[in-house]
Amino acid sequence: MRDAKRQRANHGVTRFVVLFFIVGIVGMTSADDFEWLKREVPTVSIPHGARTVDVNTVQALRSAVSDAQDGDVIRVADGTYELDSFLGLYGKRNVMLIGASGDPEKVVLKGRSWDVVDHQDDILRIGDSESITVAHLTFAECHAYGIKVEAEKFPRDIHIFNCRFFNIATRAIKGSTSQTGVAVGGSIRFCRSE
């Protein structure tokens, strides 16, 4: 009995010492110690001669995404775009969906909130597409996924660059799976989730 009490007491002391050590280390750091977090994020390059489609409303955004032609650059103007269902990039090649200003804080694609749970709940779905770049956008306020890359629809070379994910309840980026499909290539760079 005494040994059990002594072990609990020692365990409590150990936790206190570890916590004290962590607080001490954090307390001794300054903003300069985290300079490596403040990195320059380049903007994506728009291919020379690409057709650009500038959008500034939800309706224009939906049309540009669904009607995108091979090689299109869809540039989304600063603002908040409240979506009542997901945007779908299907059967597209060499399409870029980017925030026009290059600052993801200024272009927000907003879902239907954490409280709405149904099959329309994602913000952007990508499948059966190749060489897609999504950049400089914030994906916010949805219950399921900010971006869902549907492997069962064989996407290739999907690149997500400098995107912000805010208040996404399940996953910022979801790569679905299937026994027959697979996503090939691609990257996720300079993104953050809050």
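The values are calculated or read from the model by the stated rules, or taken from the named source; none is laboratory data. None of these values were measured; they are calculated from a predicted model. In this analysis, Cβ positions are derived from the backbone assuming ideal geometry, glycine residues included, and neighbour counts consider all displayed protein chains. Keep in mind that these areas ignore ligands, DNA and RNA; they rest on the heavy atoms of the full protein, side chains included. Shrake-Rupley method; radii C 1.70, N 1.55, O 1.52, S 1.80 Å.
Side notes on the structure shown:
- Portion, in percent, of the accessible area of segment 43-101 that falls on carbon or sulfur, probe 1.4 Å: 43 percent
- In terms of its C-alpha gyration tensor, segment 136-194 has an oblate overall shape, because the principal axis ratio a/c (a ≥ b ≥ c, square roots of the eigenvalues) is not below 1.5 and a/b does not outweigh b/c.
- Rounded to the nearest 10 square angstrom, residue 143 shows an accessible area of 60 square angstrom against a 1.4 Å probe.
- Three-way shape call for segment 48-194 based on the alpha-carbon gyration tensor, with the a/c threshold at 1.5: rounded
- ³J(HN,Hα) computed for each position of segment 69-86 - Karplus, 6.51 cos²θ - 1.76 cosθ + 1.60, integer Hz, glycine/proline x: 9, 3, x, 5, 10, 9, 9, 9, 5, 3, x, 10, 10, 8, 9, 8, 7, 5
- Dipole of segment 33-124 computed with +1 at Lys/Arg Cβ and -1 at Asp/Glu Cβ about the Cα centre; of 81, 96, 69, farthest Cα towards the positive end is 69.
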